1. Name the residue that is surrounded by the most Cβ atoms within 10 Å (Cβ to Cβ), counting only residues in the stretch 93-116 that are touching a Ser or Thr at 6+ places or on another chain (Cβ under 8 Å) and within 19 Å of V44 (Cα to Cα).
2. So, G174, is that one of a type outside the set (K, R), touching a Leu at 6+ places or on another chain (Cβ under 6 Å) and either modelled with pLDDT under 85 or outside the structural domain of V44 (by TED's automatic domain parsing) (or both) or not?
3. Within the set of pairs 6 or more residues apart or between chains, which connect a residue that is without any contact (Cβ under 8 Å) to a residue 40 or more places away in the chain inside the stretch 87-116 to a residue that is surrounded by fewer than 22 Cβ atoms within 10 Å (Cβ to Cβ) and in a strand (DSSP E or B) with Cβ atoms less than 6 Å apart?
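The values are calculated or read from the model by the stated rules, or taken from the named source; none is laboratory data. Keep in mind that what you see is a predicted model, and the values were worked out from it rather than measured. Because the Cβ atoms are built from the backbone with ideal geometry, glycine has one as well, and the counts that use them run over all protein chains shown.
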Amino acid sequence: MLNGGYPLLGQSRTKINKNIWEGPMLKEIENYEGRYSVSNEGFVINNKTGRVLKPDIYVKSRSKAGKKFYLRITLSMNNIQKRYSLSRLVATYFIPNPENKPEVNHKDGDRFNNHVDNLEWVTMEENNYHAMVTGLKPRGEKHPNSKYTEETVRLIREMRDKGFSRKETAEKLGVTFSFVRDVRCTNKVWTHVDKSLTTIENTDVIISGSE
């Protein structure tokens, strides 16, 4: 029945035997007068009919790095509808959040897998880091907007350590002065690149001593 923590979309009208879901696996959603419950398996049911609610797929953000798709549930009360992130509903009812972290992360990177075991509360920084290490958020030369390579970044840092000025570095490597400045002087760009993996001696760049 389950696919990535949620009933197959084609089975959304399946009626659930409530006896199967009694206990800690099913929790009533507050402020809906007992109408809905959320399961730790990653779906919501209508308690009156016993049927699984069909989620809709929405795009949380659009960027050149790619679209982010999530599952969302619509709940209704007194003819007023409200939409909820399915992952956030599951996390709210089944995962303690003593540090009051603001975001929910999908551990395996699958945003359609909303099983409680696949979710965790995180900070924005932790969420971004997870996205980068799992490849969900391209960075460096893998980013579609990137003009430079990790090899160039390593060379810039090594030339800094060898005493080359920013202007000299930019001219010899054929990059902009501002790019050299950002790579050399901040911890905000290309921080994942380790300069120790490259040395000037084993590159094709012809570099003479700084004057």
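1. Filtering the stretch 93-116 down to residues touching a Ser or Thr at 6+ places or on another chain (Cβ under 8 Å) leaves 101-104, 106, 109, 111, 114.
When the remaining residues are screened for being within 19 Å of V44 (Cα to Cα), the result is 104, 106, 111, 114.
Details: V104: 22, H106: 23, R111: 20, N114: 30.
Here the answer is N114.
2. Working: of a type outside the set (K, R): yes; touching a Leu at 6+ places or on another chain (Cβ under 6 Å): no; either modelled with pLDDT under 85 or outside the structural domain of V44 (by TED's automatic domain parsing) (or both): yes.
No.
3. N97/W121; K101/W121; K101/V122; E103/V122; N105/E120; N105/V122
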